[in-house]
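Quick one: the structure is below, questions incoming.
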Amino acid sequence: EDKVVQSPLSLVVHEGDTVTLNCSYEVTNFRSLLWYKQEKKAPTFLFMLTSSGIEKKSGRLSSILDKKELFSILNITATQTGDSAIYLCAVVNRGGSQGNLIFGKGTKLSVKP
Amino acid sequence: GAGVSQSPSNKVTEKGKDVELRCDPISGHTALYWYRQRLGQGLEFLIYFQGNSAPDKSGLPSDRFSAERTGESVSTLTIQRTQQEDSAVYLCASSIAWQETQYFGPGTRLLVL
């Protein structure tokens, strides 16, 4: 069964800290891995990763994929209270059903002032 | 439009009533997806539409749930004879094509009393 596992499930840090969120997956026909940030209701797209070892970067956020070890990490440096959210990892399953996007349960990040 | 829109943003209904939720995808996006997110839980796939192909209904939890889409535009998700367990945020997403990045709407928060 295809699955995506995120860790930790929740994390509390202080402003200025650096955090690393983990996502591992077991998917039959991997196509790409996506990271989303969910505040309130709707997830917003952060990164799409398809190739191993190539870091994607956007401001204080960065992410990398390891297709050999089947995981990805999302790094946030110099965290701010506005980074508090649930971070979702999802894997696109080539040709699969279930809408082809398999989500992890998310990591709830809380950044304290 | 600029993004995926959904309506209503919030809906309170009584147990046993029918509800209809609407999603307007990003213009030009051929694929449209519906998800459900219960409080404190991950995203649960419900159904997806790809162009004129038959929809993938494999995630619909019961025959009380149905969805329609007119061409490559608006979609409606209908829940008949609502139950309290249907209370959740219903999220719609669209992508330019199958297996491409999904962009989410703001969601509809449904509360069944």
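Provide a single number: the residues in the stretch A:11-28 that are part of a strand (DSSP E or B) and open to solvent by 80 Å² or more (accessible area, probe 1.4 Å). Break it down into steps so the answer makes sense when it comes.
Let us first name the residues in the stretch A:11-28 that are part of a strand (DSSP E or B), namely A:11-14, A:19-26.
Applying the additional criterion that residues be open to solvent by 80 Å² or more (accessible area, probe 1.4 Å) yields A:12, A:14, A:26.
Of the residues in that region, 3 qualify.
A:Lys37 - would you say it is open to solvent by 10 Å² or more (accessible area, probe 1.4 Å), free of Cβ contacts under 8 Å to residues at least 60 places away in the same chain, within 14 Å of chain B (Cβ to nearest Cβ) and not in a loop (DSSP other than H, G, I, E, B)? Don't jump to the end; show me each part of the working.
Values: open to solvent by 10 Å² or more (accessible area, probe 1.4 Å): yes; free of Cβ contacts under 8 Å to residues at least 60 places away in the same chain: yes; within 14 Å of chain B (Cβ to nearest Cβ): yes; not in a loop (DSSP other than H, G, I, E, B): yes.
Answer is yes for this residue.
Let me ask something else about it. Which number in (1) surrounded by fewer than 20 Cβ atoms within 10 Å (Cβ to Cβ); (2) more than 11 Å from the chain's Cα centre (by Cα); (3) among the β-branched types (Val, Ile, Thr); (4) modelled with pLDDT of 95 or more marks the one condition that B:Thr78 misses?
(2)
Evaluate the following for A:Leu88: is it farther than 22 Å from B:Leu32 by Cβ and open to solvent by less than 40 Å² (accessible area, probe 1.4 Å)?
Values: farther than 22 Å from B:Leu32 by Cβ: no; open to solvent by less than 40 Å² (accessible area, probe 1.4 Å): yes.
So A:Leu88 does not fit the description; no.
I would also like to ask the following. Looking at the stretch B:16-81, what strands (runs of 3 or more DSSP E) fall wholly within it and have at least 3 residues that are closer than 20 Å to A:Ala42 by Cβ and of a type in the set (D, E, K, R)?
On the way: elements: B:19-24, B:31-37, B:44-50, B:65-69, B:75-79.
Ranges flagged: B:19-24.
Which members of the stretch A:40-63 meet the condition of being touching a Ser or Thr at 6+ places or on another chain (Cβ under 8 Å) and not in a strand (DSSP E or B)?
Within the stretch A:40-63, A:Thr50, A:Glu55, A:Arg60 meet the criteria.
Could you count how many residues in the stretch B:27-48 are modelled with pLDDT of 85 or more, over 14 Å from the mean Cα position of the chain (by Cα), surrounded by 14 or more Cβ atoms within 10 Å (Cβ to Cβ) and not polar (S, T, N, Q)?
Looking only at that region, the number is 1.
Moving on to the next point. I'd like the residue in the stretch B:89-100 that is open to solvent by 10 Å² or more (accessible area, probe 1.4 Å) and not polar (S, T, N, Q) and, out of all such residues, is nearest to the other protein chains (Cβ to nearest Cβ). Even if it seems obvious, please write down each step before you answer.
Step one: list which residues in the stretch B:89-100 are open to solvent by 10 Å² or more (accessible area, probe 1.4 Å), which gives B:89, B:96-100.
Now drop any that are not not polar (S, T, N, Q), which leaves B:89, B:96-98, B:100.
On the way: B:Val89: 5, B:Ile96: 12, B:Ala97: 11, B:Trp98: 7, B:Glu100: 8 Å.
Applying the filter and picking the extreme gives B:Val89.
Can I ask one more? Every residue in the stretch A:40-62 that is within 13 Å of chain B (Cβ to nearest Cβ), touching a strand residue (DSSP E or B) at 6+ places or on another chain (Cβ under 8 Å) and either closer than 17 Å to B:Leu91 by Cα or of a type in the set (A, V, I, L, M, F, W, C) (or both), please.
Keep residues of the stretch A:40-62 that are within 13 Å of chain B (Cβ to nearest Cβ), which gives A:40-50, A:56.
When the remaining residues are screened for being touching a strand residue (DSSP E or B) at 6+ places or on another chain (Cβ under 8 Å), the result is A:41-50, A:56.
Matches in the stretch A:40-62: A:Lys41, A:Ala42, A:Pro43, A:Thr44, A:Phe45, A:Leu46, A:Phe47, A:Met48, A:Leu49.
Give the residue that is nearest to the other protein chains (Cβ to nearest Cβ), with candidates limited to residues of the stretch B:54-65 that are farther than 21 Å from B:Trp98 by Cα, open to solvent by 20 Å² or more (accessible area, probe 1.4 Å) and in contact (Cβ under 8 Å) with a residue 12 or more places away in the chain.
Only one residue fits best here, namely B:Pro61.
Only one residue in B:Gly71, B:Gly51 is more than 9 Å from every other protein chain (Cβ to nearest Cβ), within 25 Å of A:Ala90 (Cα to Cα) and surrounded by fewer than 17 Cβ atoms within 10 Å (Cβ to Cβ), so which one is that? Can you show your working first?
Working: B:Gly71 fails: within 25 Å of A:Ala90 (Cα to Cα).
Step by step, each of B:Gly71, B:Gly51 is checked, and only B:Gly51 is more than 9 Å from every other protein chain (Cβ to nearest Cβ), within 25 Å of A:Ala90 (Cα to Cα) and surrounded by fewer than 17 Cβ atoms within 10 Å (Cβ to Cβ).
Conditions tested, residue by residue: (1) without any contact (Cβ under 8 Å) to a residue 12 or more places away in the chain; (2) aliphatic (A, V, I, L, M); (3) under 26 Å from B:Trp34 (Cα atoms).
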| position | (1), (2), (3) |
| --- | --- |
| A:Tyr25 | no, no, yes |
| A:Leu33 | no, yes, yes |
| A:Met48 | no, yes, yes |
| A:Arg60 | no, no, no |
| A:Asp66 | no, no, no |
| A:Ser84 | no, no, yes |
| A:Tyr87 | no, no, yes |
| A:Leu101 | no, yes, yes |
| A:Ser110 | no, no, no |
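Kindly establish whether A:Lys68 is part of a loop (DSSP other than H, G, I, E, B), within 11 Å of chain B (Cβ to nearest Cβ) and either touching a Ser or Thr at 6+ places or on another chain (Cβ under 7 Å) or buried (at least 17 other Cβ atoms within 10 Å of the Cβ) (or both).
On the way: part of a loop (DSSP other than H, G, I, E, B): yes; within 11 Å of chain B (Cβ to nearest Cβ): no; either touching a Ser or Thr at 6+ places or on another chain (Cβ under 7 Å) or buried (at least 17 other Cβ atoms within 10 Å of the Cβ) (or both): yes.
In short, no.
The values are calculated or read from the model by the stated rules, or taken from the named source; none is laboratory data. Just so we're clear, the structure is a prediction, and the values are computed from it rather than from any experiment. Cβ coordinates were reconstructed from backbone atoms using ideal geometry, including for glycine residues, and neighbour counts include every protein chain displayed. When the accessible area is computed, the model is the full protein with side chains, heavy atoms only, and any ligands, DNA or RNA have been set aside. Shrake-Rupley method; radii C 1.70, N 1.55, O 1.52, S 1.80 Å.
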